[in-house]
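First the structure, in the form of structure tokens, and then the observations on it.
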Amino acid sequence: MEEEKRNVSLRQVIGAMLFAARQPVKISDLFKTIKDAAKNQGEEAEQFASIKEKDVESALRELQEEVGNSQSGLIIAEVANGFKFQTSHETGPWLRELLSIGKPARLSHPALETLAIVAYRQPVTKSDVESVRGVNVDAMIKNLLELQLIRIIGRSTLPGRPLLYGTTQKFMEHFGLASLNELPGLEQLARVPGEPEQRELNLEEADENEAGAGPMGEPAETEEQTGEQNESDTSEN
């Protein structure tokens, strides 16, 4: 007797793909994979041969709501322009104990200031960050590179061809951002806690002072164009 064909729902397929993926997966990539499977994986996968991308998005949103309401300690988060399974924030203390992680590491105020400047003004050079903060940021840049929250994305065409920095996908995942458009407004970062007193971080004033002089208005060569591979090199030419 021929074995009865077992059909799976689109939500099951999407859930399994998100669970197996190591990185956030875009809706377009889910759609492409499902369509490719219909061509390459035989009859079992052909049931989704005619689906549209909007069908994938609809099924994903339904699954996201279902998982969020399941009280399973899991959620489907939209981060870094994609979707991924992750544990809910409320379960953090027990997971840290299970994994012997201890208290979560926190960035220092100077590191957060430096990271905020890179995030809002990228691509940005080290000297531009220093002009905003008013102090040397070599150690902060090195620390953020090691934490993989920023990366070298190329070199400016300014004299000396200084390195350009931008944020990473890990930055997006760490702060739960689906895209850089979700960064809070500059007015929310107008005051950044300092030690021992409050320090004002006036990004708008810095933009005015450097209008026409910074890398934001300059053409930049990308990492691929320059062949820059070593992200640990923080020296400026």
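Right, Gly73: in contact (Cβ under 8 Å) with a residue 40 or more places away in the chain and closer than 20 Å to Gly176 by Cα or not? Answer is no for this residue. Is at least one residue of segment 75-91 exposed (fewer than 11 other Cβ atoms within 10 Å of the Cβ) and assigned by TED's automatic domain parsing to the domain that holds Lys170? Within segment 75-91, none of the residues are exposed (fewer than 11 other Cβ atoms within 10 Å of the Cβ) and assigned by TED's automatic domain parsing to the domain that holds Lys170.
Counting only residues that are among the β-branched types (Val, Ile, Thr) and either buried (at least 18 other Cβ atoms within 10 Å of the Cβ) or in contact with a Gly (Cβ under 7 Å, 6 or more places away or on another chain) (or both), segment 28-41 holds 1 of them. When the residues of segment 122-168 are filtered to those that are aliphatic (A, V, I, L, M) and in contact with a Gly (Cβ under 7 Å, 6 or more places away or on another chain), the one that is surrounded by the most Cβ atoms within 10 Å (Cβ to Cβ) is Leu164. Scan the strands (runs of 3 or more DSSP E) fully inside segment 77-180 and keep the ones with 1 or more residues being within 30 Å of Val56 (Cα to Cα). Per the criteria, 82-87, 163-167.
Taking segment 33-57 as the range and being within 19 Å of Ala20 (Cα to Cα) and small (Gly, Ala, Ser) as the test, the residues that pass are Ala37, Ala38, Ala45.
The values are calculated or read from the model by the stated rules, or taken from the named source; none is laboratory data. On a predicted model such as this, the values are computed, not experimentally measured, just so you know. Don't worry about glycine lacking a Cβ; one is built from the backbone with ideal geometry, like all the others, and counts go over all protein chains shown.
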